[in-house]
Amino acid sequence: MWNSSQHCELDKQIRHVTQSEDLTGARQDLGQLIQAVREHFEYEENLHFPLAEKVLAATNLVALGSAAGQKSPASNDLAGSSELSD
């Protein structure tokens, strides 16, 4: 089951990959990160989003969507990474 500690772990893995100086290790870590993110997306899409659609009013869903559109700390780290900003 996914929770905020897993979100923190994904953020930690993203920072690790973007700060790695070992290309081979970074590629392997990136593969693991991609798998973890895919599993996380599938979990949320199959459980949380349908549940939210059932119990929340449309205006609340719109507000949540707007809030979700804001950048997380991990995406800010990626945006500031010189390796990925080119």
Name the residue, out of 81, 66, that is out of contact with any strand residue (DSSP E or B) (no Cβ under 7 Å at 6 or more places or on another chain), at pLDDT below 90, surrounded by 11 or more Cβ atoms within 10 Å (Cβ to Cβ) and not charged (D, E, K, R).
81
Residues that are more than 20 Å from residue 68 (Cα to Cα) and at pLDDT 90 or above: list the helices (runs of 4 or more DSSP H) wholly contained in the stretch 1-55 that include at least 2 such residues.
4-19, 23-43
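The values are calculated or read from the model by the stated rules, or taken from the named source; none is laboratory data. Everything numeric here is computed off the predicted structure, so don't read it as measured data. Neighbour counts are summed over all protein chains in view; Cβ atoms, including those assigned to glycine, are modelled from backbone coordinates with ideal geometry.
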